[in-house]
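**Q** Below is the structure I would like to discuss, written out as C-alpha cells.
Just so it is clear, none of the values below were taken in a lab; they were calculated from the coordinates. Just so we're clear, the structure is a prediction, and the values are computed from it rather than from any experiment. With ideal geometry, Cβ positions are generated from the backbone for all residues, glycine too; neighbour counts draw on all protein chains shown.
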Amino acid sequence: MIAVPRLVVSAPSSGHGKTAVAVGLLAAVASRGLAAAGFKVGPDHTDAAYLGLAAGRPGRNLDPRLVGPARVPPLFAHGAAGAEIAVVEGTMGLFDSLADRPETDSTAAVATALRAPVVLVVDVAAMGQSVAALVHGFRAYDEMLWLGGVILNRVASDRHEQLLRGALDDIGVPVFGVLRRRDLPNALPSRQQGVVPVLHGAGEAVRGVRRLGEAIAGRVDLDRLLALARSAPRLPAEPWSAAPDPAGPALPAGAPRPVVALAGGPAGAYSYPETAELLAAAGAEVVTVDPLGDESLPEGTRALVVGGGLPESYAQELSANRRLCIAVAELARTGRPVLAEGAGLLWLAREFDGRPMCGVFDASGVTMDRIVVGYREATARADTPIAPLGARLVGYKQHAGVLRPRAGQNPAWTWNGGSPEGYVWRRVHASQLILHWAGTPGIAQRLVAGSATAASATTAGSAAAAGSAAPVVAAGVPATEPGTAEIRTAEIRTAEIGPAEPGAAPAAPTSGGVA
C-alpha cells in the first residue's frame with residue numbers, strides 16, 4: 001500500500017490544452033518546493049519528457065497496452081516514490097483508446113486503476129451552458145470514474161466565465177481554474193523536435209515550462225487541487241522493481257560490469273527510464289552516448305541501445321556525425337549487441353532521405369507524406385536479446401520514414417496483416433517497433449549477459465581488419481550479393497561511410513501490408 005497524492009489531467013478530446021495544463025501544474029507545484037512526479041498515459045516520449053522537466057525528475061509512461069494493465073499501479077508507485085504530488089496526463093479523450101480497448105487502455109481506465117481523481121480540461125471557447133451537459137455526460141458515463149472537477153480553457157470574458165460557472169454549479173462540479181484565451185502560451189518547442197530540447201537542456205524548453213507554470217499558478221486554485229490530490233486513498237500496489245529474475249541469464253561469476261551505451265543526451269536517454277534501471281540492475285555500467293554530438297562510443301562499450309524516442313527529424317545531424325556512424329558500424333561488425341528501435345533503425349541503414357547513415361544494413365530510408373501510428377502484436381522471427389524465437393510481444397509504431405527493403409533476410413518481426421519487418425544480423429536487432437522493457441521482462445538480462453560473453457576474438461579480428469577491406473555484411477546478406485554496403489579501411493581513415501558502390505542493384509520496393 002502506498003499513499004501518494006495524485007491527480008489525472010484529462011480532456012474530452014485532444015486539443016483542449018491538457019498537456020499545457022499538466023506541465024504547468026507540475027511546474028507550479030514544484031516552484032512551491034513540493035516534490036513532484038509526472039506521468040503520461042500511453043507511449044508518448046515527448047509529453048513524458050516535458051512532464052519530467054517540469055517535475056524535476058524523469059517523466060514516465062503508463063501504457064497498459066505495452067506493459068499490461070496489472071503493471072500500471074506498480075510502475076506508478078515506483079515512479080512516484082517520495083513524491084508529495086503526482087500528476088498523470090491522459091491521452092486523447094478521457095474514454096478513448098488507440099488500441100480500441102477503452103476498458104483497460106483509456107485514461108479513464110488508468111485513473112480507475114490508480115484510484116485517482118480526474119480533472120477535466122475543457123476548451124470552452126465556443127461553448128456556453130452546454131458545458132454542463134458535456135461534463136455531466138463524462139461524469140455519468142462510467143460510475144467507477146472519480147471526476148473531481150474541471151479547469152476551463154479559452155474563456156472569452158468575465159461574463160462568459162460567470163455563465164460557465166453558473167452552469168457547472170447547477171450540476172455540482174467544482175471549477176478549479178479559469179484560463180483566458182491567451183493565458184496558456186504556445187511556449188514549448190515544436191513537437192517535431194521530440195525529446196531533444198529536454199535532453200539537451202535547451203533554454204527554449206526550460207523557459208516554456210516556466211511560463212506555463214506561471215500561467216497555471218496565476219489562474220488555477222492550486223491549494224484546492226492539492227487538497228483533491230491528497231484525498232486520493234492509499235493505492236494497494238507494491239512498487240515495480242528492476243531486480244533481475246534469479247532464473248534468468250546472468251553475468252558470469254567474477255566478470256566485470258560490461259559498458260552498455262544508451263543513446264540519449266546530457267539529461268537522459270531516448271528510452272523509457274525503466275530501460276536504464278533494468279540494465280543497471282542486470283549488472284551493466286550504463287553510459288549515455290549522444291548520437292547528435294558525441295564522436296565516439298564510451299570507452300569499453302560492449303553493447304549499444306537506441307531507444308524509440310530518437311526523432312526522425314534530426315536525420316541531418318545524425319548523418320553529419322560520421323565518426324560516430326563508423327564507430328557504431330564497427331561495433332556491429334565485431335559482433336557486439338546493438339539494439340535499435342524507431343528512428344534507430346533508420347540511423348543504422350545505408351542512407352535516409354539521401355543522407356549517408358551508419359551503413360550497417362544495405363537499406364535506404366525515405367520519409368513518406370503520412371505517419372504510421374499504432375500498436376502491433378508482433379512475433380519474433382529470430383532468437384535475440386529482445387525475445388526468443390516465436391515470442392509474442394506488444395509494441396508501438398510511430399514513424400514517417402520507411403526502409404526499402406522493409407526487412408532483411410532475417411527479419412525481426414511479423415504481425416497479422418503486415419509483411420516481415422526489421423533486421424537481425426549477427427547480434428544486431430533493429431526495428432521500428434518500440435517496446436517498453438518493463439513489459440517485456442528479460443531483455444536487459446539477456447543483453448547484459450550476451451555483451452559480457454561476446455567473443456573476445458572479435459577485438460583481435462577488428463585489429464586484423466585494419467590492413468584489409470573488412471565488409472559489413474548488411475542484414476545477413478552474403479557479401480557477394482549486389483547491393484551490400486561496405487565500410488573499407490580507407491573510409492574509416494577519412495571518417496566517411498559512403499553509399500553502396502556505384503552500379504549496385506537498387507533496393508527492392510517495400511512490401512505491401514500493414515506498416
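**Q** State which helices in the chain qualify, where a helix is a whole DSSP H run, it must extend 20 Å or more along its own axis by its Cα atoms, and its mean Kyte-Doolittle hydropathy must be at least -0.5.
**A** Going by DSSP H runs, the hits are 203-219.
**Q** So, counting K/R as plus one and D/E as minus one, what does the shell of residues with Cβ under 12 Å around Leu184 add up to?
**A** +4
**Q** Can you check how the C-alpha radius of gyration of the stretch 168-315 compares to 2.2 N^0.38 Å, as a plain ratio?
**A** 1.48
**Q** Can you compute the FRET efficiency between Ala202 and Arg230 using 1/(1 + (r/R0)^6), with r the Cβ-Cβ distance and R0 = 41 Å? Round to the nearest 0.05.
**A** 0.75
**Q** Which value, in Å to one decimal place, does the Kirkwood hydrodynamic radius take for the stretch 49-180 when every pair of different Cα atoms is included?
**A** Mean inverse Cα-Cα distance, inverted, gives 16.1 Å.
**Q** Round to the nearest 0.05 the FRET efficiency obtained for Ser241 and Ala133 when R0 = 51 Å and r is the Cβ-Cβ distance.
**A** Taking R0 as 51 Å, the efficiency between Ser241 and Ala133 is 0.65.
**Q** What Kirkwood radius, in Å to one decimal, follows from the Cα pairs of the chain?
**A** The Cα-based Kirkwood calculation yields 24.0 Å.
**Q** Give me the extension gain from Arg257 to Asp369: residue separation times 0.36 nm, minus the current Cα-Cα distance, reported in nm with one decimal.
**A** Here the answer is 35.9 nm.
**Q** What are the GluC sites (Glu not before Pro) within the stretch 115-205 that DSSP puts in a loop, where the Cβ has at most 12 other Cβ atoms within 10 Å?
**A** Passing both the DSSP loop test and the Cβ count: Glu143.
**Q** Another question about this same structure. Normalising by the residue count of the stretch 118-270, find the relative contact order in percent from Cα pairs under 8 Å and 6+ residues apart.
**A** Relative contact order for the stretch 118-270 comes out at 20 percent.
**Q** Now for a separate question. Please order Cys325, Cys358 by the number of other Cβ within 10 Å, starting at the fewest.
**A** Cys325, Cys358
**Q** Something else: What do you get for Rg/Rh of the stretch 6-230 when both radii come from the Cα atoms and Rh is the Kirkwood radius?
**A** Answer for the stretch 6-230: 0.94.
**Q** In addition: Report the local net charge at Gly418: Lys and Arg +1, Asp and Glu -1, summed over other residues whose C-beta lies under 13 Å from its C-beta.
**A** Once positives and negatives cancel, what remains is +2.
**Q** Below 8 Å, C-alpha to C-alpha, sequence gap of six or more: please give me the relative contact order for the stretch 6-230 in percent.
**A** Rounded, it is 25 percent for the stretch 6-230.
**Q** Suppose R0 equals 30 Å; then what is the FRET efficiency for Ser13 and Glu161 from their Cβ-Cβ distance, rounded to the nearest 0.05?
**A** 0.85
**Q** Rounded if a/c is under 1.5, else prolate if a/b beats b/c, else oblate: with a ≥ b ≥ c from the C-alpha gyration tensor eigenvalues square-rooted, which is the stretch 17-96?
**A** oblate
**Q** Within the stretch 93-136, name every residue whose backbone N is under 19 Å away from a label modeled 7 Å from Cα of Arg182 along the Cβ vector.
**A** Correct set: 124-126.
**Q** Let me ask another. Relative contact order of the chain, please, whole-number percent, based on alpha carbon pairs below 8 angstrom and at least 6 residues apart.
**A** Relative contact order for the chain comes out at 13 percent.
**Q** Dipole of the stretch 6-230 (Lys/Arg Cβ +1, Asp/Glu Cβ -1, origin at the Cα centre): which of Gly79, Ala54, Thr91 lies farthest to the positive side?
**A** Ala54
**Q** Test of understanding: extend the Cα→C-beta vector of Ala70 to 7 Å, then name every residue of the stretch 141-164 with backbone N under 13 Å from that spot.
**A** Backbone N within reach: none found.
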